[in-house]
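This report refers to the structure that appears directly beneath it.
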């Protein structure tokens with residue numbers, strides 16, 4: 001199993017739609033997770049941190065399922081500006097030195 | 001006001017040359033990183049420094065040499081550049097050295113080796 005694995009998509013959804021991405025991780029000891037957003041030719045930017053069962057911020061909800069070792073990101077009422085690549089991030093195994101591993105990213109395109 | 005800044009933004013050079021990328025953060029963070037994002041968009045960690053001490057050194061050719069003169073700066077020097085080094089290199093920082101601290105990225109250096 002890859003350390004962090006995402007469905008690369010692409011997901012093409014209309015404005016107003018609800019879309020969900022899943023991400024699986026291999027390190028069962030992981031305690032904290034992150035979702036980043038990366039626009040084309042830009043740096044990744046932190047979208048949400050997930051430290052317990054989940055987190056909600058406006059239209060965005062992240063959920064953590066430790067038993068199945070996956071986290072999800074739900075986007076409600078999609079906007080054109082949500083079009084980006086969404087990166088799932090989890091700690092790699094066996095270290096406490098901030099070694100965060102990125103998934104390959106899920107591409108989202110929101111169309112009118 | 002830029003939190004993590006790296007220079008240059010673009011770097012075009014020929015094979016065999018030596019080049020450096022500089023990074024500075026004004027967030028007061030203890031830990032800094034270099035990540036490489038290849039053409040398939042995969043972000044991979046290369047190095048990490050905590051308070052000027054190297055703590056993560058992934059399997060990277062020894063042509064790549066990071067240097068941290070102080071905890072606010074982390075530079076990357078690359079010797080004998082190869083075509084396969086073409087990528088976007090991101091500097092990042094985080095508070096502390098634990099894996100529950102999110103990363104803050106610079107805007108990247110797009111390196112093209114011809």
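A few notes on this one:
- Enumeration of residues in region B:76-95 that are more than 14 Å from chain A (Cβ to nearest Cβ), part of a strand (DSSP E or B) and either in contact with a helix residue (DSSP H, G or I) (Cβ under 7 Å, 6 or more places away or on another chain) or crowded, with 19+ Cβ neighbours inside 10 Å (or both): B:76, B:78
- When residues of region B:54-69 are limited to those that are in contact (Cβ under 8 Å) with a residue 12 or more places away in the chain and over 18 Å from residue B:105 (Cα atoms), the one nearest to the other protein chains (Cβ to nearest Cβ): B:55
All of the numbers you see were taken from the coordinates with simple rules; none came from a lab. Worth saying up front: this structure is predicted, and the values here are computed from it rather than measured. Because the Cβ atoms are built from the backbone with ideal geometry, glycine has one as well, and the counts that use them run over all protein chains shown.
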